[in-house]
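First up is the structure itself, then whatever we jot down about it.
The values are calculated or read from the model by the stated rules, or taken from the named source; none is laboratory data. Keep in mind that this is a model prediction, so the values were computed, not measured. For neighbour counting, all protein chains shown are included, and Cβ atoms are generated from backbone atoms with ideal geometry for every residue, glycine included.
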Amino acid sequence: SSMFVFPHKLILKTCGTTTLLLGLRRLLRIAAAEAGFPIHNAASLDDIHAAATPYRVFYSRKNFLFPHKQQGPHRSWKQEVKYLDDIFDNGSAYMVGKMNGDHWYLYLTSPQESADGMTSPGSASTFKIPCGMTSAFNGALEANDETLEVLMTDLDPENAKKFYLEHASAVACARLDSSVVKGKTLAEDVNMTDSVATVKTTSTVDSAAEEVDVFSNGSGSELCDDFNTPLSSQLDDEGLTTEGHALGSVVSDVCGLSDVYPTSKYPDARIDSYLFSPCGFSANGIVPAPQTEDNDDAARKNHYFTVHVTPEPVCSFASFETNVPGGQNGRETSEIIAHVVDIFKPGRFSVTLFEAKTPQALTDSPQVSAGRSKTMEAIKGYKRIDRIVHDFEDYELVFRFFERE
Amino acid sequence: TFSPSEGTPHLTINHDVAADLDSTNAFEGPEKLLEVWFAPNPNALPEGTKPGGLKAVKQDTWVGMLDMVNCKILSVLDSEHVDAYLLSE
């Protein structure tokens, strides 16, 4: 799972049987009490119902593989919508894609027109929260506001072994041997406090590690070639601090994730990744916009990407999400999709591109838009099954679904 | 090899959680995604909002909310414009 906190928005993406929506009311309360965002559903913060007024809310998910295992309001889309409708008074719910196949759900609120920009504090007996009252918010949507999400299922089982601790441990051992031979170090500058370590990585790691098939040679997950020393301790000697993070870093390099936003084009990009035990992988990346002539340091903006992988064959799934804008001296969106799909080799995947209708986006010529769309239709080795466009008030959503040829 | 600039994000690891996490029964597959905006852009925070907006909220404060979600903080990659939390499960 991952959380991204910006000054003006928060993104929370949670895996498995987590109860994401149960944290929503607390989030709105924190935004009011700790960040000072205005409240409009109560007279003051003393009221226990008082919560910050959001500008917009999005909630989305793919259809669950095992809905009966979910908790709280997450057992069905109907319950999730009811939960959100009980909090907000202007939400809309959508289902995108095949009902009898892989589909995707979206709930979003729309900015409301309000004569005075305020509702009467506490006037609604349910203390429902009005969203995005237009007169209460000044400022345009962010330029280049786009979110790309690739949701992949039916991962190639052999390829998915990369996301098992046992396999990654063996690869890490091989890399350690290799780095000792080549005289490379993984990190420098480690500051330890009581329970938290701050690590500043100041050198790159060798991404050309040998693949090791631990499933055939039976190597253990805890021990490297020195069988009396836990792998995590050996990696600590190299400056990494927990086995999950150390192996996550190795997996990021070996699987190709580190090259999605390569340092050659995004020199200040950083990835934080973790390999779970016995399997599963998560990674967050922060990608500062490349510096250009008309983009000085003060104006540079940081974008994110996040990856989550469940490799077990019975429920194999991987997701990739990013708000790094396509093009603009970086990689095109179609290149990113192709790269990500090649990492996970899914049997099926959906691509959702959510783009704000900002003035900048609207200046694209029809030819440019058509060309960009066309390149996203053709992913090598896959057949595009569905393309569905939703035209919302301020956003356009394009949903595409692909199957392996 | 490259030399990161001052603006390079840096990583903090929460050893209390990250060291002994067992996720044997944790995964189901598809995730849930929630995005809550409190302003149209970071330069348009409403009047009365603290400088930094949500980024001004202390990390410990998020822990209580994340407990309700059943997630723990494994590590944080922080930068000038966004803080990225890697969470358990």
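Observations on the model:
- Selected residue [surrounded by 24 or more Cβ atoms within 10 Å (Cβ to Cβ) and part of a loop (DSSP other than H, G, I, E, B)] from A:Phe37, A:Phe64: A:Phe37
- Residue within region A:73-84 that is closer than 18 Å to A:Pro130 by Cβ, surrounded by fewer than 17 Cβ atoms within 10 Å (Cβ to Cβ) and more than 7 Å from chain B (Cβ to nearest Cβ) present: no
- Condition met for B:Glu35 (modelled with pLDDT under 95, surrounded by fewer than 23 Cβ atoms within 10 Å (Cβ to Cβ) and in contact with a Leu (Cβ under 9 Å, 6 or more places away or on another chain)): no
- When B:Ala44, B:Ala56, B:Ala84, B:Ala39 are checked against the criterion of being touching a residue at least 24 places away in the same chain (Cβ under 8 Å), in contact with a Gly (Cβ under 9 Å, 6 or more places away or on another chain) and at the interface with chain A (Cβ under 7 Å from one of its Cβ atoms), B:Ala84 stands alone in meeting it.
- Test result for A:Leu10, within 18 Å of the chain's Cα centre (by Cα), assigned to a helix (DSSP H, G or I), at the interface with chain B (Cβ under 9 Å from one of its Cβ atoms) and on the phi < 0 side of the Ramachandran plot: no
- Residue list for region A:248-269, restricted to those being within 20 Å of A:Gly280 (Cα to Cα) and either within 11 Å of chain B (Cβ to nearest Cβ) or among the hydroxyl-bearing types (Ser, Thr, Tyr) (or both): A:Gly248, A:Ser249, A:Ser252, A:Ser258
- For A:Thr292, the conditions (1) at pLDDT below 95; (2) over 25 Å from A:Phe401 (Cβ atoms); (3) within 9 Å of chain B (Cβ to nearest Cβ) all hold with the exception of (3).
- Checking A:Gly139, A:Gly97, A:Gly101, A:Gly132 one by one, the residue that is within 20 Å of A:Phe354 (Cβ to Cβ) and modelled with pLDDT of 85 or more is A:Gly97 and no other.
- Taking the criterion of being within 7 Å of chain B (Cβ to nearest Cβ) and at negative phi, the residues of region A:25-48 that qualify are A:Arg26, A:Leu27, A:Ile30, A:Ala31, A:Glu34, A:Ala35, A:Phe37, A:Pro38.
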